[in-house]
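Please treat every number below as a calculation from the coordinates, not as lab data. Source: prediction; values computed, not measured. So basically every Cβ, Gly included, is an ideal-geometry build from the backbone, and we count neighbours across all protein chains shown.
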Amino acid sequence: MHWADAEIRNIDADRPLVATGEAPSGPIHLGHIREILTGEALSRASDGDLVLIVDSFDPLRRSYPFLDDSFEAHIGKPLSDIPCPCGEHDNYAEHFMDPFLDSLEELGAELEVLYAHEMYAEGEYEEATRIIIEKRDEVADIIEEETGRELNEEEWFPYNPVCSECGMIDNNRVLGFEDPYVIYECDCGHEGKADIRSDDGKLPWRCDWPARWWLLGIDCEPFGKDHSASGGSWDTGKRIIEEIFEREPPHPVVYEWIQLKGEGPMSSSTGVAIKTDDMLNMVSPEVLRFLIMNSKPRTHIDFDPGLGLLDLVDRYDECEEKYFEGGDEETKRTYELSQVEKVPSEKPQRIPYRHLVNLVQIYDDKETIWNVAQKTGQIHEDKKADHERFEERAEKVKYWIENFAPDMVKFSLSKELPDIELDGEEKEFLSSYVEDIEGKEWDSEILHNSVHRTAEKVDISKGKAFRSFYKILLGQNKGPRLGRFLSQLDPSFVKERIEEACLTL
């Protein structure tokens, strides 16, 4: 059984409401996608609804490396009150959310988006805020018991006003509550009143989270393992909703981080991240969905944008193959949940991503690549839908090569014979190779085996034999897997290049 189907068995609702969250303090990277797509899989599996709550009312904690010095003045202000870094959006939060929402649309995620600052402004938090404030002593006891830390009863108050003078939300001390106003004093010297019926302030996170479960009626929520740590916001949140709001907590689905291989958990602030739009520029949305659907939430994902990306696409293609050829039920379900829309009516014909890595570096135009794929048997029928999938994948391969591929897979086919040297042993090998493949099928395995057979015949080392091909075709000592590479070239071109090299070098 797929993990999503197993999880929904724990949800006691006919059409559950699944919640996810996002704090748009910086560029939203691949690691954030896991929460959204985990929630989306749960809503699909249960025929429920999905809501994304944007924590746009949170303060800017610090000036990040991707911001200019002018943002120092905005530290401590709500993200929704900070100017857009590029000047094209209404505020800071939307600057980072808009491209992320575009990516979610491309991924086929159907969800409702709610901005926290708008929810507060429209008075949606009023009743929940009043309940929290009236029962603040009980809330404080819960937080102290679960976290093991003692709150300063004179200073702690479960509401953070926004100073109407300086705009800061982090620098205020609450002096009292006269319903519906919270009386406060700011470090800037201003004294004022915050109306809990508006966006004059907000609940702190440990109170805000259970409050939204209550006011929206959330049945299930995936969240990162940091929230589930002992004494974390999940421990306090589930008690607050049970004891303060008298409602059952949502079913929790805890997920592990997506780590950038060799560098650790992804983080925008440290620069250890792959942006979501970069990921969608190098793989199809189905492959990105597969990355999440193919791993149980509690399993960490070690993502490698280099050679590891080739393995990821191979696994997706293999899953697709098994779906249409009678794989197990879990594999089939993984494939179904990986689709942006519905499952294709018939098995797609695909040129393997690895093969395209060679082909797009050999040929200048897609039609030639398509024709080569037909000749080599990778494409059997010239169908419009398959051709469109091929064009999309070819573009993504180009992007990967230009931006993330390691140097070892990059090459340039020399249009003319490179200025290199061949010794007599190499010339003898290449001449004998042409004789050995004469009349044989131009197939990658046959071409590869012929290298070994000819090398033994002329008594040349295998390494030197392979290098001789890379020297005359690429002008370097290494290159892509030779049999496959040769099969993607025109036979007459290869033979003519060998003949020219043996005669002139």
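Taking N as the number of residues in the chain, what is its alpha-carbon radius of gyration divided by 2.2 N^0.38 Å?
1.27
Ordering of 413-420, 383-390, 246-253, 219-226 by packing is 219-226, 246-253, 383-390, 413-420, highest average first (other Cβ atoms within 10 Å, averaged per residue).
Show me 399-406, 426-433 ranked by packing, highest mean number of other Cβ atoms within 10 Å first.
On the way: 399-406: 15.6, 426-433: 20.8.
Going from most to least packed, we get 426-433, 399-406.
Given the options TYR433, CYS188, MET282, identify the residue whose Cα lies farthest towards the positive end of the charge dipole of the chain (+1 on Cβ of Lys, Arg; -1 on Cβ of Asp, Glu). Projecting each Cα onto the dipole axis, the largest value belongs to TYR433.
Just to be sure I follow: if Rg is taken over the C-alpha atoms of the stretch 378-484 and Rh is the Kirkwood radius over the same atoms, what is Rg/Rh? Let's see the in-between values first.
On the way: Rg = 17.0 Å, Rh = 16.1 Å.
When Rh is taken as the Kirkwood radius, the ratio is 1.06.
Between the residues LEU486, ILE133, THR504, the greatest Cα displacement towards the positive end of the dipole of the chain, with unit charges on the Cβ of Lys, Arg, Asp and Glu, is found for THR504.
Computed from the alpha carbon atoms alone, the convex hull of the stretch 424-504 holds 81 Å³ per residue.
Please give the contour-minus-distance gain from ASP459 to GLU242: 0.36 nm per residue of separation, less the Cα-Cα distance, rounded to one decimal in nm.
Working: separation 217, 0.36 × 217 = 78.12 nm, distance 7.94 nm.
Length difference between fully extended and current span is 70.2 nm.
In the chain, the calculated helix contribution to ellipticity at 222 nm averages -14500 deg cm²/dmol per residue, counting -39,500 (n - 2.57) for every DSSP H run with n ≥ 4.
Helix 136-147 and the longest principal axis of the C-alpha atoms of the chain enclose an angle of approximately 40°. Taking Cα atoms only, the orientation of helix 424-437 departs from the longest principal axis of the chain by about 90 degrees.
To the nearest 20 debye, what charge dipole does the chain have about its Cα centre, counting +1 at the Cβ of each Lys and Arg and -1 at the Cβ of each Asp and Glu? Working shown, then result.
On the way: 57 positive and 110 negative charges, 494 e Å.
The dipole of the chain has a size of about 2380 debye.
Rounded to 0.05, the FRET efficiency of the GLU329 and LYS415 pair, given R0 = 45 Å and the Cβ-Cβ distance, is 0.30. Computed from Cα positions, the angle between helix 353-362 and the longest principal axis of the chain comes to roughly 60 degrees. In this label model, CYS188 and GLU336 are separated by 5.5 nm, measuring between points 7 Å along each Cα→Cβ vector.
In the stretch 130-152, which residues have a backbone nitrogen under 16 Å from the label point lying 7 Å from ARG173's Cα in the Cα-to-Cβ direction? It comes to 152, nothing else. Legend: distances between Cα atoms for LYS464/LYS495; LYS261/LYS478; LYS415/LYS462; LYS77/LYS275; LYS342/LYS375; LYS398/LYS440; pairs beyond 29 Å are LYS342/LYS375; LYS398/LYS440.
Computed over the stretch 219-319, the alpha-carbon pair-distance distribution with 5 angstrom bins reads 2, 11, 17, 20, 16, 11, 9, 8, 4, 2, 0, each value a whole percent. Extension gain for the segment ARG15 to CYS84, taken as residue separation times 0.36 nm less the Cα-Cα distance, is 21.1 nm to one decimal. Sorting the segments 327-333, 376-382 by their mean number of nearby beta carbons within 10 angstrom, highest to lowest, gives 327-333, 376-382.
Measuring between their Cα centroids, the stretch 361-389 and the stretch 173-213 lie 62 Å from each other. Ignoring aspartates and glutamates fewer than eight residues from LYS384 along the same chain, the ones with Cα atoms less than 20 angstrom from its Cα are GLU286, ASP317, GLU320, GLU321, GLU341, GLU346, ASP365, GLU367, GLU392, GLU395.
In loop segments of the stretch 341-375 as defined by DSSP, the GluC sites (Glu not before Pro) with at most 13 further C-beta atoms inside 10 Å of their C-beta are GLU341, GLU346.
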